[in-house]
Amino acid sequence: MKTIACLVLALLCVVPLRVHATIDDALSFALEAASPYVKEGFTVREDYWGGDLPVKQKKAIVHQLFKGNEYWFWLGTDTENAKVTVHIYDSEGNLAEAESWSDKPHMAAARIVPKATGSYYLIVEIKRSSEERTRWALAYGFR
Amino acid sequence: MRLFSLYQKFRAATGLVLAVTLGAAPLVANEEAPPRKIDIATLPATMVDDVVVPVPTEVFGVLDKLGSPNWHAVLRKVENPNLGDRAQVALLLGSVIAEGFIAVEAQDPEEVKEIGRHVLTLAKAIGVSKAVISRTSSIIEAADQRNWTKIRVEFDGASHDVKQAMIELKDEQLAQLVSLGGWLRGTEALTTVVQKNYSKDGAELLHQPALLDHFQRQLDNMDSRLKRNRVVKQVRSRLPEIRPLIEKPDAVTSERVDKIHAITTELVKVIGSKDS
């Protein structure tokens, strides 16, 4: 019994105690990025995408957009000092966004005014992170 | 605004010719510029399977910008919902929520409240009422205040919450049926509006091949019990007929809109029918 207790104590010393964050934490940063745009009339969807990624690996999301709307996509991560980006391409693979930014801690965003209705590709990337895998969440809004 | 000040400084420094060229290029703040072209066939990224299905408002809002649709004529009075099996209730729940978005467009507070109550009844029938009680209360409250923006958010939230609750109950396929039911009623409403006043821009909104592929994939992957379900079976057999009609954005003719309308109307009827 004494041996087990010592072993547990030793393990606690070696393995740093980590708070297990979830995608929800990443989402809260995405929604924080969205908040100024809500005041500009953007409706934020309840559904969102999320996951975790190693540095320099990308994720692609196919999403239906409608000509006549304007969209913002907001990417969030809860990892300190991580740099994340999101970009939007049309179905031909052309960069289609009107603007994007990634200069705020924990978040990045891209805006598009689609020239045509159809499928678009959202490319999410972890540019830099201290974690092996970095959690991310992507929300969007339209007006 | 750092973004704009950076851009303005850059324009001033690079002269008119370069500024005009960059005028068409996207503004990228504080990062290395993304590639201007990627090869979609060999994407430099793994695909995310999750598809977020647009809410009807995303489409209806565009229709509002194109003209002034008579949403009252599109709105269908929701009768006491027929409580069939769980698959049918899930499809019906999606289509009733879509009806809620139409009621908002029609700015009909009484119908919005009625639909809010039906959403709760259906959610109860499928065992996920806890997830939507506060949403439906908010819908009814916001309808009294005619707060249409709030009602839209709450209907979207209700749809999200019931699907999440179903996923937590290991009923992911039922959650998929909620989305499909909503898409079918939303598309039926869209075709009704486009039929009344055909325009290429309006018809182009039906160009949704990736969404159709997504629904078809989900139906094909459902367990055999669900595939044998009479309502699911009919939806699964008719859905592929829509795909070729919306393949190209500039080829959604008036005749094609009529065909899509006929298919979606029939399927929405099947979803709500007692005999099915």
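The values are calculated or read from the model by the stated rules, or taken from the named source; none is laboratory data. Worth saying up front: this structure is predicted, and the values here are computed from it rather than measured. FYI the Cβ positions are ideal-geometry reconstructions off the backbone, even for glycines, and counts take in every protein chain you see.
Here B:V178, B:V232 are screened, and the one residue that is away from every other protein chain (no Cβ under 14 Å), surrounded by 21 or more Cβ atoms within 10 Å (Cβ to Cβ) and within 20 Å of B:A87 (Cβ to Cβ) is B:V232.
Exactly one residue among B:Q173, B:Q145 is surrounded by fewer than 24 Cβ atoms within 10 Å (Cβ to Cβ) and under 19 Å from the mean Cα position of the chain (by Cα), and that residue is B:Q173. Filtering the stretch B:179-198 for residues that are part of a helix (DSSP H, G or I), within 13 Å of B:I126 (Cα to Cα) and among the small types (G, A, S) leaves an empty set.
Restricting B:D213, B:D201, B:D258, B:D223 to residues that are surrounded by fewer than 21 Cβ atoms within 10 Å (Cβ to Cβ), closer than 23 Å to A:Y120 by Cβ and more than 17 Å from the chain's Cα centre (by Cα) narrows the list to B:D201. Candidates are the residues of the stretch A:87-137 that are at the interface with chain B (Cβ under 9 Å from one of its Cβ atoms) and under 16 Å from A:G50 (Cα atoms); the one that is surrounded by the most Cβ atoms within 10 Å (Cβ to Cβ) is A:A108. Quick one: is B:I133 surrounded by fewer than 17 Cβ atoms within 10 Å (Cβ to Cβ) and part of a helix (DSSP H, G or I)? Here the answer is yes, as B:I133 does meet what is asked. Among the residues of the stretch B:56-86, those that are facing chain A (nearest Cβ under 7 Å) and either assigned to a loop (DSSP other than H, G, I, E, B) or without any contact (Cβ under 8 Å) to a residue 12 or more places away in the chain (or both) comprise B:E58, B:G61, B:K65. Between A:K59, A:K83, A:K67, the distinction of being basic (K, R) and more than 15 Å from the chain's Cα centre (by Cα) belongs to A:K67 only.
Looking only at the stretch A:39-56, count how many residues are surrounded by 15 or more Cβ atoms within 10 Å (Cβ to Cβ) and either assigned to a helix (DSSP H, G or I) or of a type outside the set (S, T, N, Q) (or both). Total satisfying the criteria: 12.
B:K113 fulfils the conditions (1) part of a helix (DSSP H, G or I); (2) basic (K, R); (3) at pLDDT below 95; (4) surrounded by fewer than 24 Cβ atoms within 10 Å (Cβ to Cβ) except for a single criterion, (3). Only a single criterion out of (1) at the interface with chain A (Cβ under 10 Å from one of its Cβ atoms); (2) touching a residue at least 24 places away in the same chain (Cβ under 8 Å) is not satisfied by B:K196, namely (1).
Residues in the stretch B:257-274 that are farther than 11 Å from B:L206 by Cβ and in a helix (DSSP H, G or I): B:D258, B:A262, B:I263, B:T265, B:E266, B:L267, B:V268, B:K269, B:V270, B:I271, B:G272.
Only one of the numbered conditions (1) more than 12 Å from chain A (Cβ to nearest Cβ); (2) surrounded by 12 or more Cβ atoms within 10 Å (Cβ to Cβ); (3) assigned to a helix (DSSP H, G or I); (4) modelled with pLDDT under 90 is not met by B:V17, and that is (2).
Looking at the stretch A:68-91, is at least one residue under 17 Å from B:M47 (Cβ atoms) and at pLDDT below 95? So far as the stretch A:68-91 goes, yes, one or more of its residues are under 17 Å from B:M47 (Cβ atoms) and at pLDDT below 95.
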